[in-house]
Amino acid sequence: MVFTDNDSANASEIYKAQMHVHKYLLSFQSCMAVKFATELGIADAIHRHGKPITLSGLASALNLPPSKVGVLHRFMRLLTHNGFFMKTPSQNSEEEEETYSLTLASKFLVRSNSFCLAPNAEVAFHPSMFNMWNSSKKLFTEDTQVPLFESVTGESYFDFIKNDFQFLNVFQKAVAADSEMVKLGLQQCKHVFEGLASLVDVGGGTGAVSRLILESFPHLKCTVLDLPQVVANLKTTQNLSFVGGDMFESIPSADAVLLKWVLHNWDDELSIKILKNCKEAISGKGKEGKVIIIDVVIDEAGDDRDLTELKLNFDLAMLTLLNGKEREKKEWEKLIYQAGFTGCKFTPVFGFKSLIEVYL
Ligand SMILES: C[S@@+](CC[C@H](N)C(=O)[O-])C[C@H]1O[C@@H](n2cnc3c(N)ncnc32)[C@H](O)[C@@H]1O
């Protein structure tokens, strides 16, 4: 028996600990409820309705047969408890049912929003993810540098994405939705882009972040460097161009290089290689050149529990998919100095991501 008479924990603390364990044993169901809410389009249906909707109204908007209203109610109860919907009790006795409305969280599941996270749900709940996690024991039993995803599917994660046109499309939408959120933090860090004439957005995908930056700095010349399959057929505009290439080979020259949500994909050795190529790319600008990183910084002492849990979950995602990692401040500093830079500054302005300015 682990709990002894001498154990300082009282019965209520022990029950609390038991509940804590059960919570995590079942929390995948909370995730699945979000998956089904996204697939069914619950948030879209409520949004289209334009006002709070009754359960039976929701079931009919979702084309569910009346026999499924009970199941829908059970899912809505959990999702409402978890902050995805808001329940309003019926206001008067003539109204039969309580109504559901959107919360800030479920507005992120409405597909007509540019920051919609429904594509992220498709990426997170893709069958390849479940297959990979079913084999996660390999992480501890196999002595290999090959990322778990690659060892299970036979393809690197980025090859897997680029070889499946449909998935590539969803992945790009997922990343672009995240980039839309940069808009909210950009106001606080405009100074970072002031005085720059050119910027290379390395691993910039479809150029969503570059477009946002251009809205505030229309005279900047932005170049998005990404894999050839990603940038093929993307439309160049006057100040935004796309280059298909490999950041491990070379990066076009510019006053500044942007790396948003890129370095967490790679281990330290490869990240240093990317940073050294960035250094080379900005060397023409002399001391004025800079690298602008937007990425996760783990801060267990400063962040609240939920935020740290999110960051640590991203860390396991990076470990399993790509052998990448989320980093603490001192790990970032080590990486940056090892790549030959002399200074950096951290500002937590983008929700769970921070701005890291890196100087020559
Ligand atoms: C997580 S996404 C970030 C996209 C974008 N920076 C954003 O946050 O909106 C990582 C990007 O790195 C790109 N990438 C992967 N390997 C690359 C390489 N060797 N050279 C250039 N880009 C690469 C991927 O295609 C993908 O668009």
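Annotations for the structure displayed:
- Segment 148-359: C-alpha gyration tensor shape, a/c 1.5 cut-off, then a/b vs b/c: rounded
- If you run the Gaussian network model on the chain, springs between alpha carbon atoms under 10 Å, then out of 62, 109, 319 the most flexible one is 62.
- Point-to-point label distance, residue 338-residue 114, nm (Cα→Cβ direction, 7 Å offset): 3.8 nm
- Each peptide in 182-195, 214-227 receives the mean, over its residues, of other Cβ atoms within 10 Å, and ordering these scores from highest gives 214-227, 182-195.
- Candidate lysines for bridging to residue 285, where Cα separation is under 26 Å - those fewer than 8 sequence places away on the same chain excluded: 190, 221, 260, 273, 276, 334, 345
- GNM on the chain, alpha-carbon springs under 10 angstrom: the most fluctuating residue among 258, 270, 102 is 270.
- Positive-end residue, segment 11-108 charge dipole about Cα centroid, Cβ charges, pick of 56, 34, 46: 34
- Extension gain, residue 20 back to residue 267 (0.36 nm per residue minus Cα-Cα distance, nm): 85.7 nm
- For the chain, the Cβ-based charge dipole about the Cα centre amounts to some 760 debye (Lys, Arg positive; Asp, Glu negative; other atoms uncharged).
- The chain - percent of accessible surface contributed by carbon and sulfur, probe 1.4 Å: 55 percent
- Relative to the longest principal axis of the Cα atoms of the chain, helix 69-81 runs at roughly 50 degrees.
- For residue 103, distant residues with modelled amide H under 5 Å away: 86
- Multiplying the residue separation of residue 276 and residue 31 by 0.36 nm and subtracting their alpha-carbon distance yields 84.3 nm.
- Residue of 322, 26, 79 that the Gaussian network model of the chain assigns the largest fluctuation, springs spanning Cα pairs under 10 Å: 26
- Using every pair of separate Cα atoms, the Kirkwood estimate puts the hydrodynamic radius of the chain at 23.0 angstrom.
- Value of relative contact order over the chain, rounded to a whole percent, pairs C-alpha under 8 Å and six or more apart: 11 percent
- Cut-off 16 Å (backbone N to label point 7 Å along Cα→Cβ of residue 107), residues of segment 7-44: 43-44
- Placing R0 at 41 angstrom, the Cβ-Cβ distance between residue 9 and residue 51 gives a FRET efficiency of 0.25 after rounding to 0.05.
- Residues with amide H under 5 Å from that of residue 242, placed H, sequence gap 5 or more: 224
- Taken over the alpha carbons of segment 131-182 as equal point scatterers, the Debye sum produces base-10 log I(q)/I(0) values at 0.15 Å⁻¹ of -0.54.
- Between 0 and 90°, nearest 10: helix 268-282 axis offset from the chain longest Cα axis: 50 degrees
- Computed [θ] at 222 nm, deg cm²/dmol, the chain (DSSP H ≥ 4; -39,500 (n - 2.57); rounded to nearest 500): -14000 deg cm²/dmol
- For the cross-link pairs 235/329; 173/311; 68/162; 107/353; 16/107, the ones whose C-alpha atoms lie over 29 Å apart are 235/329; 68/162; 16/107.
- FRET efficiency, residue 167 to residue 215 (Cβ-Cβ, R0 35 Å, nearest 0.05): 0.75
- What the phi angles of segment 39-53 give under the Karplus curve with 6.51, -1.76 and 1.60, with θ = phi - 60°, is a coupling list of 5, 6, x, 4, 5, 4, 5, 5, 4, 4, 5, x, 7, x, 10 Hz, glycine and proline written as x.
The values are calculated or read from the model by the stated rules, or taken from the named source; none is laboratory data. None of these values were measured; they are calculated from a predicted model. Virtual Cβ from ideal backbone geometry, glycine too; neighbours counted across all protein chains shown. Heads up: the accessible areas ignore ligands, DNA and RNA and are worked out on the full protein's heavy atoms, side chains in. Shrake-Rupley method; radii C 1.70, N 1.55, O 1.52, S 1.80 Å.
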